[in-house]
Structure formats: structure tokens, C-alpha cells
Amino acid sequence: MATDFTANELMVCQAARQLRDGEVVFVGIGLPNVACNLARRLHAPDLVLIYESGAVGAEPERLPISIGDPSLVTDSLSVCSMFDVFNYYLQGGLIDVGFLQGAQIDRVGNLNTTVIGDYARPKVRLPGSGGACEIALLAKRVFVIAPQSKRSFPERVDFITSPASRGGPAMVVTDLGCYEFVNGEMVLTSIHPGCTVEQVRDNTGWDVAIAEELKITERPTSEELNLIRDRITGFSA
Amino acid sequence: MQMKEAIDRFVHDGDSIIIEGFTHLICFAAGHEIIRQRRRELTVCRLTPDLIYDQLIGAGCVRRLVFSWAGNPGAGPLHALRRSVEQGVPNSIELEEYSHFGMVARLAAGAAKLPFYPLRNYQGSDLPRVNPLIKTVTCPFTGEELAAVPALNPDTAIIHVQRADENGNAHVWGLMGVQKEAAFAALKTIVVAEEIVPESVIRSDPNRTLIPGLVVDAVVHEPFGCHPSYAQGYYDRDNDFYVRWRELSQDIKKFNSYLDEWVYGVRDRAEYVERMGASLDQLKAREHFCEPVNYGY
């Protein structure tokens, strides 16, 4: 049945499956945090979670409300200053995967979290980069989890907060499908159960490339769903 | 020193200030006192201007914001900031925008009294296009082109800590953000402490002293001074308030009546805490102690 899981649950599972055991991940709150904690309980028990707030090897007991939640500190491996996080961990090349979100992502993989419209006279002022710009440039692989619409998938973002680097993000998963970057351009590689290519086209701001062997995204397993719903505290998709 | 005196002496109209603390240990008590003393034309610096800077901006204290992520962490946008940027209400403010790494690097240069800091960043981003202070520099050894950001040396830093002695030697644990860099970079530093302890307590665990008294100009004792943010080991974040702020800040009348009741309507933090009453008790931290270490030799 296509209705026995939510789009958020599918996105979380898809991201979790691509994390490898032993990797060091720069985590954000929300869905990336759930994906990392899911992977840690399944195939990647030795995944190391680093938060930009300075918590290294965090094992939060509750779902962190913010990136600076005190539960990230209690029982973590190390708590360091933000100087250390950005200089030694991120610029030092220790981060395998960085999660990014964006109000907009474009054809080549640039992300925008700064403004919609003109910078000087914005239609909507967004929060800005935070650590996103440097994560995009310095993490070895970038994962993006984002809901998809024509507005959020324009041909070119209004403002490049986080530039596409190393050929673009390693993975983009939306509520409609999964994408990879081939020759610097976003390509639909799998479509979620119950979604159509027409839906994808209707929700993309350019004529999106489609892989020759388009797959159907694997459904979440009951084990994955149980873990998300029962064990990863407080999460409801 | 009382907060009133510390702000009176060390925060003046037109000054640049930094109230640091990454989600953790954000000194709302100082922000409220700045609003009460009706400071104007401030340049306010902070990686993550959250509710307290939203309040300063909405109260008309701010001329320029230097930052890297402006939002209500985990709970949405900052509406007073957006009103100021999008509509010029109560006044428009200038934005000087970096990324977190850029702000960290600026403070590190400021603390070390270097003119700038080099970093591998910003290539391909639009941030340097809208902020001419993000430049590039060529490495004299390898020829590599690096990004460079200028030192940040605010007039005054306000740093909340868990405990300090009367000279400002300050113990901090949990998230440390950029507090140390900010304290060393600023011309004047105010340390605000949950507890004032004897110097012997500080000396019993010197590795935990994040900020030495020798860079501190004023010490203020202010229990619950971070509320609604949190202090590890003392109290949790008042997340209900962070969520409610969305509604309070969205409507200018609600915003103003919040300030009337909780900022202008109280003499100081002690009265704020008294009025909050039992609701603060629910936020008190449970005990979770570390293993002691042996400093003997």
C-alpha cells in the first residue's frame, strides 16, 4: 500500500541507507537528524554525528529541538568550540557527509537559504547561510532533503548561498523522487512509489533530465518504520 | 556589579556589541537592560541573532546587524527583523552577512589582534558579491587563493557563564560556541554568571576556565539570566516561549505589549524571575555529574 508511510519517512529512509558505517556526518536538526539516528540503529552503528554547535559523537536521548540542544552535550564524546568545528573538523577534511536544506535548489545543485527575490529588496528574507556555505564546499559528500515544488526547484536559485561543488550534491531526495548529478546537472534517478514523472515535471522549474533506467524508490521496511516511529524519540512525520 | 550599572558603563549609543552563546547561555538579562536603557544606533554582532536580537531590533536599538544565521532556532523566522528589513519598521537596519565559519574566523582574528583571517570558503557563493568585506588573499607560500575576512573587535562583549569568581574567572561547560573568541576580541567584556563562587572553586578545576578574569571588565551575578535560553546543568530551554515568540513577534501590538510587560515593566532580572514564578522550576536541570579528575602531581 502506498499509504502506509509518509513522504517524510521515505525521505529519511532513503538518506539513511546511503550513510556508510564509520562515516563522520555533519548533522542538522529535523529530518537529517532522524536519518542519522536511523542509520546508527541499523547498518551504521559507528556513524559519528557532529553538530555545528560543537557536539561530537552525540547520542541525544531526546529529539533535539535545535542544533544547540543540551541533549547533544550530555554523554557525547567531545564538546568543542565552534572554532574547532569549522577549522579542524570541517576545513580539516574530517567530514564525510554534510546535510543541507534549502528554500531553493537549482539545476546544477546550488542552494539558496538567503533571500527570495532581490538581495537588497527581498520578497522574503530567509535565515542566511549558517554553516551551509562551508559545508557545501568542504564536506566530501552533500546530502539534500527537500520538499519539491516549482518554486523550490527553479532553473537558477535567486541567491547562491551554498554553491554546488564537486559536481553537485551526492544525493537529493524529495517527496517525489531521488536525484543525482551527472556532468553537473540534476538527473531524476528514482521515483517514489505512487508518484509519476508528470508530477516531477510539474514541480520542477526546468526540463528535468530523467535517467534511462529510472527506478522506483524502495519502500521503507517495517523495521525502518518501527524504528522511526517508536525508538527515535518524539518523531512524527 | 549590578546589570544596570554594567550596561550604563559599557554599552553606549552607537557602540558595537556582541552577546554570544550558541543557543546555550544567551544573556537575555543584558539584552533587556539595553532595551530598558533605550540605547540607540547599536551595531549588534552575533552568529545567530535569535529572539534577544529580534527584541533589540523591534525596540529600535539597532542600526546594523552583523551575523551569519538569523532565525528562531527550531521555531521559525524572526518577525521584528523581517519587519525591519522588508518594511523599515521601526527603522531599517543595515545587514552585514557572513557564514558561521566567516564569523568564527572574524572573531578569531579579533582575539589574536590580527587584521584578517584566511579560510577555504565562499568560492562560487553570492555572499562576497553582497558583502564587499569578504575578500580573497594569496598564500605567500603556495600561491593558493583563499577567502579572507576582517577581524571583528566589538566595543563590548557580554558573555553569560555558569559560574565565575568575583574577578571574572569563568567556568563554562556544555556548548562553548565563540564565547572565548568574543571575550578576547572585544575592547570590554562583561561576564554574567549564574553563580558567583570563591576563587578556590575556579582553582580546583582550571581547565574549565574558558574566560580568564584578565580580559573581564565587569562581573554581574544574574541567576536565570539566560531564560528563555538555557544554561547546561542549571535549566533547560523554555521551548514553549521560543514557539510562542513566532506569534508574539509577528503582531507588532503583541510585540510591544510583551516588551511593556516583561522588559519595561520590570526593574531588573530579579523582578522578571520573581514574576515568572513557579514556571521556571519546571525547567530546572536534572543531575548528571562527570567523573572528577586528579589534578595532583
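A quick yes/no check of all residues on (1) touching a residue at least 60 places away in the same chain (Cβ under 8 Å); (2) out of contact with any His (no Cβ under 9 Å at 6 or more places or on another chain); (3) surrounded by fewer than 17 Cβ atoms within 10 Å (Cβ to Cβ):
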{"position": "A:Lys123", "(1), (2), (3)": "no, yes, yes"}
{"position": "A:Leu126", "(1), (2), (3)": "no, yes, no"}
{"position": "A:Pro169", "(1), (2), (3)": "yes, yes, no"}
{"position": "A:Tyr179", "(1), (2), (3)": "no, yes, no"}
{"position": "A:Gly194", "(1), (2), (3)": "yes, yes, yes"}
{"position": "A:Gln199", "(1), (2), (3)": "no, yes, yes"}
In the stretch B:210-226, anything more than 14 Å from chain A (Cβ to nearest Cβ) and either closer than 30 Å to B:Ala80 by Cβ or touching a strand residue (DSSP E or B) at 6+ places or on another chain (Cβ under 7 Å) (or both) is listed as B:Val215, B:Val216, B:Asp217, B:Ala218, B:Val219, B:Val220, B:His221, B:Glu222, B:Pro223, B:Phe224, B:Gly225
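Checking the conditions here, which among A:Val97, A:Val79, A:Val115 is away from every other protein chain (no Cβ under 11 Å) and either surrounded by 18 or more Cβ atoms within 10 Å (Cβ to Cβ) or on the phi > 0 side of the Ramachandran plot (or both)? Before you say what the answer is, go through the steps one by one.
Working: A:Val79 fails: away from every other protein chain (no Cβ under 11 Å); A:Val115 fails: away from every other protein chain (no Cβ under 11 Å).
Just a single option satisfies the conditions, and that option is A:Val97.
Can you tell me which of A:Glu134, A:Glu223 is at negative phi and at pLDDT 95 or above?
Numbers: A:Glu223 fails: at pLDDT 95 or above.
After applying the criteria, what remains is A:Glu134.
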Hey, could you check the stretch B:107-124 for residues that are farther than 20 Å from B:Thr138 by Cα and among the small types (Gly, Ala, Ser) and say which is nearest to the other protein chains (Cβ to nearest Cβ)? B:Ala111
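Looking for whichever is in a strand (DSSP E or B), in contact (Cβ under 8 Å) with a residue 40 or more places away in the chain and touching a strand residue (DSSP E or B) at 6+ places or on another chain (Cβ under 9 Å) here; the options are B:Val149, B:Val137. Which one fits?
Numbers: B:Val137 fails: in contact (Cβ under 8 Å) with a residue 40 or more places away in the chain.
One residue alone meets the criteria, B:Val149.
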Could you tell me which of the residues B:Arg244, B:Arg269, B:Arg208, B:Arg237 is among the basic types (Lys, Arg), closer than 18 Å to B:Ile158 by Cβ and assigned by TED's automatic domain parsing to the domain that holds B:Lys180? B:Arg269
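If you take the residues in the stretch B:173-187 that are more than 7 Å from every other protein chain (Cβ to nearest Cβ) and under 13 Å from the mean Cα position of the chain (by Cα), which one is surrounded by the fewest Cβ atoms within 10 Å (Cβ to Cβ)?
For the stretch B:173-187, the residue satisfying everything is B:Ala183.
From the list B:Val89, B:Val130, B:Val104, exactly one residue is touching a residue at least 12 places away in the same chain (Cβ under 8 Å) and away from chain A (no Cβ under 12 Å). Which is it? Before you say what the answer is, go through the steps one by one.
Details: B:Val130 fails: away from chain A (no Cβ under 12 Å); B:Val104 fails: away from chain A (no Cβ under 12 Å).
That would be B:Val89, the only listed residue that is touching a residue at least 12 places away in the same chain (Cβ under 8 Å) and away from chain A (no Cβ under 12 Å).
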So A:Gln91 fits all but one of (1) under 25 Å from B:Lys180 (Cβ atoms); (2) crowded, with 18+ Cβ neighbours inside 10 Å; (3) out of contact with any helix residue (DSSP H, G or I) (no Cβ under 9 Å at 6 or more places or on another chain); (4) not hydroxyl-bearing (Ser, Thr, Tyr); what number is the exception? (3)
Which of the helices (runs of 4 or more DSSP H) found entirely inside the stretch B:152-269 contain at least 1 residues meeting this: at pLDDT below 95? B:239-250
Whichever residue in the stretch A:30-57 is crowded, with 24+ Cβ neighbours inside 10 Å and more than 18 Å from the chain's Cα centre (by Cα) and, among such residues, is nearest to the other protein chains (Cβ to nearest Cβ): A:Gly54
Scan of the stretch A:1-35 for residues that are without any contact (Cβ under 8 Å) to a residue 60 or more places away in the chain and within 24 Å of B:His100 (Cα to Cα), ordered by number: A:Ile29, A:Asn33
For the stretch A:22-54, which residues satisfy the criterion of being out of contact with any helix residue (DSSP H, G or I) (no Cβ under 7 Å at 6 or more places or on another chain) and either of a type in the set (Phe, Trp, Tyr) or part of a strand (DSSP E or B) (or both)? A:Val24, A:Val48
B:Asp50 within 11 Å of chain A (Cβ to nearest Cβ), acidic (Asp, Glu) and surrounded by 24 or more Cβ atoms within 10 Å (Cβ to Cβ): yes
Among residues of the stretch B:133-151, those that are in contact with a Lys or Arg (Cβ under 6 Å, 6 or more places away or on another chain), more than 13 Å from chain A (Cβ to nearest Cβ) and under 17 Å from A:Gly128 (Cβ atoms), counted: 0
Starting from the stretch A:81-92, take each residue that is over 13 Å from A:Val56 (Cβ atoms) and list its partners that are at pLDDT 95 or above and of a type in the set (Gly, Ala, Ser), counting only C-beta distances under 6 angstrom and pairs at least six apart or across chains. A:Phe83/B:Ala108
Positions within the stretch A:133-149 being more than 14 Å from chain B (Cβ to nearest Cβ) and under 15 Å from A:Gly102 (Cβ atoms), in sequence order: A:Phe143, A:Val144, A:Ile145, A:Ala146, A:Pro147, A:Gln148, A:Ser149
So B:His12 clears everything in (1) closer than 21 Å to B:Val215 by Cβ; (2) under 14 Å from the mean Cα position of the chain (by Cα); (3) away from chain A (no Cβ under 14 Å) except one condition, right? Which one? (2)
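Across the stretch A:1-21, which residue is farthest from A:Ser129 (Cα to Cα) among those that are not polar (S, T, N, Q) and not in a helix (DSSP H, G or I)?
Just the residues of the stretch A:1-21 that are not polar (S, T, N, Q), to begin with: A:1-2, A:4-5, A:7, A:9-13, A:15-17, A:19-21.
Now drop any that are not not in a helix (DSSP H, G or I), which leaves A:1-2, A:4-5, A:19-21.
On the way: A:Met1: 39, A:Ala2: 36, A:Asp4: 36, A:Phe5: 32, A:Leu19: 24, A:Arg20: 27, A:Asp21: 29 Å.
The selected residue is A:Met1.
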What are the pairs, 6+ residues apart or on separate chains, where a residue within the stretch B:196-218 that is over 14 Å from B:Ala186 (Cα atoms) has its Cβ under 7 Å from a residue that is of a type in the set (A, V, I, L, M)? B:Ile196/B:Ala164; B:Thr209/B:Ala170; B:Thr209/B:Ile202; B:Leu210/B:Ala170; B:Leu210/B:Val172; B:Leu210/B:Met176
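The values are calculated or read from the model by the stated rules, or taken from the named source; none is laboratory data. Source: prediction; values computed, not measured. For neighbour counting, all protein chains shown are included, and Cβ atoms are generated from backbone atoms with ideal geometry for every residue, glycine included.
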